[in-house]
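J.: Pasting in a structure now, in structure tokens, and then I'll have a few things to ask.
The values are calculated or read from the model by the stated rules, or taken from the named source; none is laboratory data. Computed from a predicted model, the values in this text were never measured in an experiment. Cβ placement follows ideal geometry from the backbone for every residue including glycine, while neighbour counts extend to all protein chains displayed.
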């Protein structure tokens, strides 16, 4: 048998046929390359071409079976695969925006594409509406919930956030906003003393949803401490406003917090509202790939990381005018000291909100939960090897799923998350999804971090029978039936009346059987038992 790699020209001179395809074949460490190439040629009838010491190109009609040959590390079909030049904006200050490259903001496109416009709400301290980075049409609507005008910003925070998301792109001026399809809904909720009243925040969220926001950015927060109720800042009003947004199909993005008012830094819990169900919680990343000490940690509610250190953006011109010798008027370099090398999870959240706009505009047929799952699962894992020595492989409390990668989400070609049409059915009472028919099949999904509980409200008559069967789950799932009057599932003050048991001879099938002792609305909870995500099918039969 002739040597496989005598010459690349020899391989190319022996075509495998007009309908041949090209494959990259990886060579495992220690394998004999020439023998492996000869075996592949014999098996496929094709020809090989050296590509590197650890791979070669196969041209053949098919490559079936060769992946199982000893010494083959992988087989990858090459037709239809490739890379494109990244779109590079012409905004002169864009080179200072290191976050654009860090999250592959424009790498999915060789030039600026035409994407559908999308409203994104910035619920913050207002905006300098006369800033040249926000021309006519960029601000779709603005409203203040704390008095004054939302089109003025005396503190700068909201204008900074808005610039990261939606500053004019490719206009030969200033910086480049990431979310070029975005139209801003500006809600002013910060008082002059820096406090955000909960009522103002809740009203602003409702206003943004009713004005057709598809993404809401909440770069604000209150401390969370499950170990100390006197310090914990949970608000039912805030939670209900966020739930309203999620029910309406809005992606809600929030900062996990900077340890403000926390006993120590980094604080081990994400702030509210990031620590609410279905909110995309964002931590900060520094240029060197680490997560700064100010960025809160959380094993459940810290979902993703994004650049949040040394960021460059817009500021109200009234603030930068206080530094008249500075040339970059209207930009953070000329602002107060806290903005010149701006850092914070607030700004990381804005980067993720901008990414969410780009991904959602690119995949308009997907629901909000699918977009969030796509953003999380296509992120780049942050580990000690990438500069984050406190991070571990896979999802962790420091960086969540990893660093945002916009291009990976836009170019995604895998399976999308299962749509769960019943969200936000996370608890008993009014949160539960009502089951009205006697017999029903309910396809849904669970996610340990974003959606660990699904709850269904089922009315039973006295001595009525219930049979609930769960199947088609890819992870361990439990089913629990709670008595009428339950306000919160898993609350020790409530009582479960029945739990699921495995069905003999049926792998992965659980069933709950119950005869009601009294009439009322019972709550059937489906919960995932450990880290992971899974679709499932729930069949409910009442008699």
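J.: Find the residue count for the stretch 395-420, including only residues that are touching a helix residue (DSSP H, G or I) at 6+ places or on another chain (Cβ under 9 Å), in a loop (DSSP other than H, G, I, E, B) and under 22 Å from residue 290 (Cα atoms).
T.: Number of matching residues: 5.
J.: Taking residue 415 as the residue in question, decide whether it is surrounded by fewer than 19 Cβ atoms within 10 Å (Cβ to Cβ) and under 23 Å from residue 517 (Cβ atoms).
T.: no
J.: Let me ask you something else. Got a sec? Which of 127, 123 is within 15 Å of residue 183 (Cα to Cα), assigned to a strand (DSSP E or B) and touching a helix residue (DSSP H, G or I) at 6+ places or on another chain (Cβ under 9 Å)?
T.: 123
J.: For residue 496, indicate whether it is farther than 30 Å from residue 303 by Cα, surrounded by 13 or more Cβ atoms within 10 Å (Cβ to Cβ) and touching a residue at least 40 places away in the same chain (Cβ under 8 Å).
T.: Answer is no for this residue.
J.: If we scan the stretch 460-475, do we find a residue that is in the same structural domain as residue 516 (by TED's automatic domain parsing), over 30 Å from residue 396 (Cα atoms) and touching a helix residue (DSSP H, G or I) at 6+ places or on another chain (Cβ under 9 Å)?
T.: No, the stretch 460-475 has no match at all.
Yes/no per residue for (1) part of a loop (DSSP other than H, G, I, E, B); (2) surrounded by fewer than 18 Cβ atoms within 10 Å (Cβ to Cβ); (3) modelled with pLDDT of 90 or more:
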| residue | (1), (2), (3) |
| --- | --- |
| 1 | yes, yes, no |
| 50 | no, yes, no |
| 63 | yes, no, no |
| 88 | yes, yes, no |
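J.: Something else about it: What pairs can you find where one residue is in the stretch 468-487 and in contact (Cβ under 8 Å) with a residue 24 or more places away in the chain and at positive phi, the other is surrounded by 20 or more Cβ atoms within 10 Å (Cβ to Cβ) and assigned to a strand (DSSP E or B), and their Cβ atoms are less than 8 Å apart, with a gap of 6+ or different chains?
T.: Listed pairs, sorted by first residue: 472/536.
J.: Tell me, please, whether a residue that is in contact with a helix residue (DSSP H, G or I) (Cβ under 8 Å, 6 or more places away or on another chain) and either outside any loop (DSSP other than H, G, I, E, B) or touching a residue at least 12 places away in the same chain (Cβ under 8 Å) (or both) can be found in the stretch 29-38.
T.: no
J.: Closer than 22 Å to residue 29 by Cβ and modelled with pLDDT under 85, is that true of residue 67?
T.: no
J.: Right, something else. Which one is surrounded by the most Cβ atoms within 10 Å (Cβ to Cβ), of the residues in the stretch 114-131 that are out of contact with any strand residue (DSSP E or B) (no Cβ under 9 Å at 6 or more places or on another chain) and under 16 Å from residue 169 (Cα atoms)?
T.: 115
J.: Is it true that some residue in the stretch 332-340 is outside any helix (DSSP H, G or I) and without any contact (Cβ under 8 Å) to a residue 60 or more places away in the chain?
T.: So far as the stretch 332-340 goes, no, none of its residues is outside any helix (DSSP H, G or I) and without any contact (Cβ under 8 Å) to a residue 60 or more places away in the chain.
J.: Quick one: which of 463, 539 is modelled with pLDDT of 95 or more and assigned to a strand (DSSP E or B)?
T.: When all the criteria are applied, what remains is 539.
J.: May I pose another question? So is residue 423 touching a strand residue (DSSP E or B) at 6+ places or on another chain (Cβ under 9 Å), more than 25 Å from residue 82 (Cβ to Cβ) and in a helix (DSSP H, G or I) or not?
T.: Considered against the rule, which asks whether it is touching a strand residue (DSSP E or B) at 6+ places or on another chain (Cβ under 9 Å), more than 25 Å from residue 82 (Cβ to Cβ) and in a helix (DSSP H, G or I), residue 423 comes out as no.
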